[in-house]
Amino acid sequence: MRLRLLSPRALGLTGSLMLAAFAPMAPSRAATWSAPATLSSPASFVDHPFIDFGTSGEGLATWGYTIGTGPGSVFGLRAARRAATGQFGAERELPVRVVRFALYGRERVVAVSQRDEGARRDLGVAFGSTTGGIGAARSIDRFTSVPGYGNWPELAANDRGDVAVVYLQRVRGGRRAVTLAQRRPGRRFAAPRIVASRGRGAFGVTVALDARGDLVVAWQRGHWVEARVRRHGGRLGPIQRLGWTVAQDTRLHAAVAPNGAVWVAWDAQLTTEGGDNGPFTIRVATRPADARAFRPARVLERNDHRASEESRVDLALDPAGAAFITWPGWDGAHARARLATLTADGRTANIRTLSQPGYDAAVRDVATGRRPGEALVVWARLDAVGELGTQVLAGPVAPNGAYAGEEAVSDADRARLPAAAFDPVTGAPIVVWSQRIGPDGPGVPVAQVRTVLRAATRSPTP
């Protein structure tokens, strides 16, 4: 995403937002990451890498793959267990209909699957573990599906076993209704309920839970982002309007802090197939733990450049409730990996640039560690035309907030789409990514293209 920073006055921000985006960057640090390990067998394409951990240190990496193109292509979903000892196991096939994962508890896994039956969709949930695989999906709803934007369900789970799934369905009059299905610890899913259906149709959705069961559901409706919040043991509150967005092109990210504070961040840009685009804007709204309403949304960055399809915005909270929001910023010549750190009360933010100048960075993920203030942002260096990733890099932020510069995670050879997580036991960060290892260049037959999933880790930050 090619972004251009505006001044605090142009963004309507007060002195509580401290901009460090133009601070001089330290030189690249010496590589401290382990040699890449190959987790998958080769495929034509490897996409959607994912890595997460349970509280025991058991982890799971998943990825989608495609072999060939056209009617004869084969696609699927695979996973590899990362044992608490730090070793990855052999890859295994997963049900192809699984579209979302979450890990919770010591080593539990929950997965959401969907099967289309004409205009109808069957939404199911399956449970399992990192050690024993994932069981058969149990249907939790059948409904009229919504094609196009906002077509994917979103999933959240906490360590005690609360699970929430939010999705869109088409209801009477053709409206898009936001629907929530919930499971209490140790119980079956309750009957799904519609949480928003009036007015203009909804598009993107997101959901988040905290350790106690506090929940937020957010969605886009028309040109607005809206949300409902439920405190543990209570009912969903009223619909609240959080801020402005762009119709049909908003990606939402939500989180609930340990103290019950609620965060919703979103980025949006209206684009056309002809290459035209409207402004690209990143906003965040906060609802403090003791408040009944969200504060007005804050603009983190706004620009007029078309976003790269390789990039995305991400949000994570640390154990103290501070928020880390990452996105690719624009320095006037290149996209740069940026990170906003907001205090737990949401009043003060520090924005800094993590990637070095001179190349376009496609930001993909931010993970927070077990210590307050600790975070890791990962991105890919884009090729000369700014389209595909060529190398995976990382920006580790120490618990004291210190940042010494970007680190190379992969070699500079067609590596892209990184995802990151911290081992909760050792505190070590790990990154997985897609990397092409077969021949390259114009005219290379698809049958010769070879792509794998790789992983690397590094020692915990002192």
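What follows is calculated from the coordinates using simple rules that are stated; it is not laboratory data. No experiment lies behind these values; they were computed from the predicted model shown. All Cβ positions, even for glycine, are placed from backbone atoms using ideal geometry, and neighbour counts span all protein chains on display.
Taking a sphere under 12 Å around the Cβ of residue 262 and counting the other residues whose Cβ falls inside, with K and R at +1 and D and E at -1, yields a net charge of +3. Karplus-derived 3J(HN,Hα) values for the stretch 70-77, using 6.51 cos²θ - 1.76 cosθ + 1.60 with θ = phi - 60°, are x, x, x, 6, 10, 9, x, 9 Hz; glycine and proline are entered as x. For residue 268, nonlocal amide neighbours, meaning residues 5 or more places apart or on other chains whose placed amide H falls under 5 Å from its own, are 281. So I have [x] 1.08; [y] 0.96; [z] 0.94, and one of them is Rg/Rh (Cα atoms, Kirkwood Rh) calculated from this model. Which one is it? The value computed from this structure is option [z].
Close amide H partners of residue 208, meaning residues 5 or more places away or on another chain with modelled amide H under 5 Å apart, are 216.
With 0.36 nm allotted per residue and the present C-alpha distance subtracted, the residue 73-residue 151 stretch has 25.8 nm of extension available.
Shown here for the stretch 346-417: GluC sites (Glu not before Pro) in loop regions (DSSP other than H, G, I, E, B) with at most 15 other Cβ atoms within 10 Å, namely 387. With the cut-off at under 19 Å, measuring from each backbone N in the stretch 324-349 to a point 7 Å along the Cα-to-Cβ line of residue 270 picks out no residue. With Cα atoms defining each centre, the stretch 146-215 and the stretch 61-122 are spaced 21 Å apart in the structure.
A straight line joining the Cα centroids of the stretch 320-352 and the stretch 376-424 runs 16 Å. Residue 161 sits among other residues whose Cβ lies under 14 Å from its own Cβ, and their net charge, with Lys and Arg +1 and Asp and Glu -1, is +4.
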